[in-house]
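Written below as structure tokens is the structure these notes are about.
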């Protein structure tokens, strides 16, 4: 008679709370917490679970580990193409890709303050609505190991690299300001954060060549820029909708694009 393998068992995992940020889609998220450009967010713990007591003594730590669930991911891939890979696909266990057999993520984020069941954090790389599974303090003397090899990142000299400097021409800055006021989309912040990583197209950075420059897609907006050595200059923003869509489309977001085209022909 066959016996059940004790190693094979059903594990029950329940969220303890959810992340709240301005980042809504995978293409908008930064790849690592420290690349977040001080992006702010909140972790809102669920009420009625005695988490008020669980948070005692956490406010004395500068950084915390957040374990979370990649809730947008369906299925997994044994080999993936990381954004910084220069030598092809890698085994998923040799990366920090979200496409994992169990889509569990872990990030060290800066703890700004705690208000009741809400943790205000910075350097966040999680999307809005991300389920949080656990929170632990970041302990520098044991968690930070400086003398380690960096695997294929060392081999490809892909990381770390100094960030690109991003400058906005006055017309582009004016366009971004109008879009942010009209749509509440922090377009300039998101574009700047993405462009500090450089102009190379990647699955998670919607960048394509455009003549002598490049175009970055942020939602349905197109940010046009050029690159000189390690400096990025943003020249302007255009709508990503086609003319026929602007004329005949009825999607709610098209109204702002119609106004934009009229304001910045």
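For segment 222-243, which positions are exposed (fewer than 15 other Cβ atoms within 10 Å of the Cβ) and over 23 Å from residue 261 (Cβ atoms)?
228, 229, 230, 231 - these are the residues of segment 222-243 that are exposed (fewer than 15 other Cβ atoms within 10 Å of the Cβ) and over 23 Å from residue 261 (Cβ atoms).
I'm checking my understanding of the structure. Among residues of segment 198-219 that are touching a helix residue (DSSP H, G or I) at 6+ places or on another chain (Cβ under 7 Å) and not in a strand (DSSP E or B), which one is modelled with the lowest pLDDT?
Across segment 198-219, the extreme among qualifying residues is 204.
Being in contact (Cβ under 8 Å) with a residue 12 or more places away in the chain and assigned to a loop (DSSP other than H, G, I, E, B) is the filter; apply it to segment 223-241 and report the residue that is farthest from residue 167 (Cα to Cα).
241
For segment 22-43, which positions are modelled with pLDDT under 90 and in contact with a strand residue (DSSP E or B) (Cβ under 6 Å, 6 or more places away or on another chain)?
33, 38, 40, listed by residue number.
The values are calculated or read from the model by the stated rules, or taken from the named source; none is laboratory data. Just so we're clear, the structure is a prediction, and the values are computed from it rather than from any experiment. FYI the Cβ positions are ideal-geometry reconstructions off the backbone, even for glycines, and counts take in every protein chain you see.
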